Structures are given as C-alpha cells and as structure tokens.
1. What FRET efficiency, computed as 1/(1 + (r/R0)^6) with R0 = 22 Å and r the Cβ-Cβ distance, is obtained for E112 and R71, rounded to the nearest 0.05?
2. Going through the stretch 59-128, which trypsin sites (Lys or Arg not before Pro) have at most 16 other Cβ atoms within 10 Å and a DSSP loop state?
3. Note down the nm distance, to one decimal, between modelled labels 7 Å out along Cα→Cβ at E124 and at D84.
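Please treat every number below as a calculation from the coordinates, not as lab data. Fair warning: this is a prediction, and the values are worked out from it, not measured in the lab. So basically every Cβ, Gly included, is an ideal-geometry build from the backbone, and we count neighbours across all protein chains shown.
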Amino acid sequence: METEAHDGRHDEALDDTIGAFWQESIFRAKLNHMPTYFGPTPLEVVRPPAWSVGDSAAEADRFVDGLLTERVTAIAGPVTEHDDEEPLPEVGELGIVMDGGDRPRALVVVTEVHSSTYAAVGPETVVLAPGLEPDAELVVQRLRVLHSR
C-alpha cells in the first residue's frame, strides 16, 4: 500500500509529520553518536523512505500492530520484483512504517536479508504477494524496530 496524498496541503502536512517523527527517532534511537559541534551526520540529513504494508488501512494497521508486538518480524516479496530499478534490500537500511491513517509509527532497520520459498516462510513473515506457488522464490527482510510511537 502506497501512502497517497490528494492535494498539496495534505502532501506538506504528511511530509511535516514524517519529518517530525524522523527527528524524534534520531534522538530516541540514538542514531546521532557525535556531539552537535561536528555538524549533522549523513544519517541525520537523509530521511529514510516512509512506507506501509497492505491494500487497505486495516491491513496497514494490522501490520504495524504485529510489528510493534513482535508477532511480525519480517516481510517478504517475490525475487522477480527486484531489478536494476528496484535493487535488493540491504542490511542496515532504515524505513519509517506508516499505519493506515498515514501516521508514522515505527522506525525499522533491516537486520537480515535472505532468500526463501513461499512454503518455508514462517508466520512471523508478512508476504507482500499472497497466493504464490509454494516453490516461489522470495526475498525475506528481517526487521527490528528502533523506535515506535
């Protein structure tokens, strides 16, 4: 599920909300290890992408709830969705997870990336393309919550 805005004011308000969450996350997740007299680090300047999971607000809320209660610890999608324009995820990548109301709820980091089959992923993994064949190859990203609200 993509976070979509319907007018310019909504875009700005959403961007401001995500930006405020990111600034709070930098502090709460202790991402800025250097004192401020060294200036901002690249990590502080480049805000990670904000995203949600699911085709509806209810699905996005269920994903966030699962992530925050640690019932969900990974996401997986078909390996065929990755190419030069959409590279494979990398360990250390950050993301801001949005709920169904377009509110930032969690800063996550990718802690592991591996391939698996659809049949082999566990219940802690949300598959982004349900209904695949059991032998379909997936890219699995294990996530860890660094900060949440």
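1. 0.80
2. On the way: sites: R62, R71, R105; in loops: R71.
Counting only loop positions with at most 16 other Cβ atoms within 10 Å, the trypsin sites (Lys or Arg not before Pro) in the stretch 59-128 are R71.
3. 3.7
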